[in-house]
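Enquirer: Right, I'll just put the structure down here and ask away after.
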Amino acid sequence: MYVSAAAQLMALSQATGTQTAAGTQDSAQKPNDLGKDDFLKLLITQLRWQDPTQAMDDREFVSQLAQFSTLEQTQNLSKNLETLLGAQIFSQHLAQAASLVGKTVTVLDTDGKEVSGKVSSVRVTQGTVSLVVNGKEYALTDLVAVAA
């Protein structure tokens, strides 16, 4: 049985949870943000509802599979870049804090008051870099000034 492109799109919308003209959006993604799962569902829906007398061309099918593979690789690359960026930021914070050991700094305490003293060490707790000033731990983001 041949099904029109509109019916294919409607079936895809129901399968993926994307927004239709008469429906509401129940997907966690943005309406125009198709992921690899949506792409695969679209391909399966196309194969399921295609006209057997006009089956999808082999080259077109291979092209769509290549696009799917490219999409998946791009998403994996994006995740890896996010991880790398996080590690680079952490390394920069750690290097900045380490360069302050032995220097006199001014930090803000929890009450918002400025506290001055020498940085005696650096601590890393749950991925957050802290300075130890006058025996108390302060977040690197609480740093106000560094004395010359």
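Enquirer: So what are the ³J(HN,Hα) numbers for region 104-111, from phi and the Karplus equation (6.51, -1.76, 1.60; θ = phi - 60°), rounded to whole Hz, Gly and Pro as x?
Expert: Taking θ as phi minus 60°, the curve returns 8, 10, 10, 10, 9, 7, 5, 8 Hz for region 104-111.
Enquirer: Pull up the cross-link candidates among the aspartates and glutamates for LYS113, meaning alpha carbon to alpha carbon under 15 Å and not fewer than 8 places away within one chain.
Expert: Answer for LYS113, where 15 Å is the Cα cut-off: GLU137, ASP142, listed by chain and number.
Enquirer: Could you pull out every residue, at least 5 positions away or on a different chain, whose amide H is within less than 5 Å of the one on THR128? Hs are placed 1.01 Å off N in the peptide plane, and Pro or chain starts have none.
Expert: Excluding prolines and chain starts, which carry no amide H, there are no hits.
Enquirer: Across every pair of different alpha-carbon atoms, what Kirkwood hydrodynamic radius in Å does region 91-148 reach?
Expert: After inverting the pairwise mean of 1/r, the radius is 11.1 Å.
Enquirer: Return the sequence-ordered ³J(HN,Hα) values of region 66-81 in whole Hz as given by the Karplus equation 6.51 cos²θ - 1.76 cosθ + 1.60 applied to θ = phi - 60°, using x for Gly and Pro.
Expert: Here the 3J(HN,Hα) series is 5, 5, 4, 4, 5, 4, 5, 5, 5, 5, 5, 5, 4, 4, 5, 5 Hz.
Enquirer: Continuing with the same structure: P(r) for region 37-133, please, calculated from all Cα pair distances in 5 Å bins and given in %.
Expert: The calculated distribution, bin by bin, is 2, 10, 12, 12, 9, 6, 6, 5, 6, 6, 6, 6, 5, 4, 2, 1, 0.
Enquirer: Related question: I'd like to compare 107-116, 35-44: which one has the highest average count of other Cβ atoms within 10 Å, and what's the full order after that?
Expert: 35-44, 107-116
Enquirer: How much of the DSSP beta bridge set in region 97-146 is antiparallel, as a percent to the nearest 5?
Expert: Given both bridge residues lie in region 97-146, the antiparallel proportion sits at roughly 100 percent.
No lab work stands behind these numbers, since they all come straight from the coordinates. Bear in mind that the values here come from a model prediction, so they are computed numbers and not experimental data. Cβ sites come from the backbone with ideal geometry, for glycine too, and all protein chains shown count toward neighbours.
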